[in-house]
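Enquirer: Below is the structure I would like to discuss, written out as structure tokens.
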Amino acid sequence: MLPTYAGCPTEVLVIGTPHLAQLKMQPKLDVTLDRLRAWAPDQIAVEVLPGDLVETYSQLGHPNAELRHGGRPVAWQLGQRAQQVTGWSRLEALAQARSGPIPQRALAYLAALEPHNALLHWEEADLPADLRADLGEFAQSPAESVSLGVALARQLGHASLCLFDEFPLTDWPTEQERAYLQAATSPDFEAWLSEQPGTQLPQHSDHWQTLLAVNAPQSVQQSIALETDVNFRLGLPGRMKQADWDARNLAIAARLRTATLPIPGDRLLVLVGLAHKGPLEAALRVLGPDVELVDLRALD
């Protein structure tokens, strides 16, 4: 039996969302932002690599050096330029971002390889013209980390976001990875997948209605089952993929648990890709006896 906590819990709302940057038509976000602002989270967490992992992954020869996910490319590209301007290392920049003069914080967060946090300070920032232009372009990204996470954090006056994505290194042989990709793109598998419940996500013009549908308990369980069924159907390579997926979710859950440390009894909002919601909530139930998971429907 899991231990329980009798005091004031830390409320955690994990919202699974379709990745907005991948949608052909962008939904309206007004109601979503209104509902989340009214809930008033004390910390907002987005599925983006923190600066320390951007730095580690981007080193020459690292297996994740060409990673296109988690915001790594833009963080590394802008960060390298900001470090050249300031002469700061990532750690030096992070210290300046947290306690330095306000006009320098956007530049410091860029040099710390965290452009999402730079966006919380960029309008009042003292930035070189080229970096300001590129950061302004990044601010228009439809990705939920920006259009929801950054937008809401700015509205609530937060100084930083929690960046929690991670891609743990797993010993996945190249031939098995190749076999997985071959099996996952075979006509027979694609025909089977098209018939599975949960493969067609509801899409409303109002993003809030989509969130209510895909975060309903039945939809979350369906997503977990589909992920597992897909992998196990693909044999040994699929089992390896499942282990890789589970390891990533556990690593992310550990970062989210750490994010609750400075806000005991307060509220943490987590914006994450839809398939992660179920595994993360399951892990947080075990890792956080003082954590209370919030049902999105309570905000409607």
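Enquirer: Under 12 Å from the Cβ of Thr210, count the other residues' Cβ atoms, weight Lys and Arg +1, Asp and Glu -1, and hand me the total.
Expert: Within the 12 Å Cβ shell, the charges total -1.
Enquirer: Taking the Cβ of Ala151 as the center, what net charge do the other residues with Cβ under 10 Å away carry, scoring Lys and Arg +1 and Asp and Glu -1?
Expert: +1
Enquirer: Calculate one ³J(HN,Hα) per residue across the stretch 8-16 by plugging θ = phi - 60° into the Karplus curve 6.51 cos²θ - 1.76 cosθ + 1.60, and present them in order as whole Hz with x for glycine and proline.
Expert: Each residue of the stretch 8-16 in turn: 6, x, 8, 7, 10, 10, 9, 10, x Hz.
Enquirer: On to the next question. Who wins for biggest fluctuation among Thr210, Thr32, Thr86 in a Gaussian network model of the chain, springs between alpha carbons below 10 Å?
Expert: It is Thr86.
Enquirer: Dipole size in debye (nearest 20) for the stretch 154-300 around its Cα centre, Lys and Arg Cβ +1, Asp and Glu Cβ -1?
Expert: Approximately 280 debye in magnitude.
Enquirer: May I pose another question? To the nearest 20 debye, what charge dipole does the chain have about its Cα centre, counting +1 at the Cβ of each Lys and Arg and -1 at the Cβ of each Asp and Glu?
Expert: Values: 23 positive and 36 negative charges, 29 e Å.
Magnitude of the dipole: close to 140 debye.
Enquirer: Per DSSP helix of 4 or more residues, -39500 (n - 2.57); summed, then divided by the residues of the chain. What does that give at 222 nm, rounded to the nearest 500?
Expert: -15000 deg cm²/dmol
Enquirer: Same structure, new question: What are the lysines whose alpha-carbon lies under 21 Å from the alpha-carbon of Lys277, with same-chain residues fewer than 8 places away excluded?
Expert: Result set, ordered by chain and number: Lys241.
Enquirer: Turning to a different aspect of this structure: With only Lys, Arg, Asp and Glu charged, each at its Cβ (+1 for the first two, -1 for the last two), find how big the charge dipole of the stretch 54-120 is about the Cα centre; round to the nearest 20 debye.
Expert: Computed charge dipole of the stretch 54-120: roughly 100 debye.
Enquirer: Give me the net charge for the shell around Ser89: Cβ to Cβ below 12 angstrom, other residues only, Lys and Arg +1, Asp and Glu -1.
Expert: -2
Read-outs throughout are calculated quantities, based only on the coordinates presented, and are distinct from any laboratory measurement. It should be emphasised that the depicted structure is a prediction, and the values quoted were computed from it without experimental measurement. No Cβ is skipped: glycine too gets one built from the backbone with ideal geometry, and neighbour counts run over all protein chains shown.
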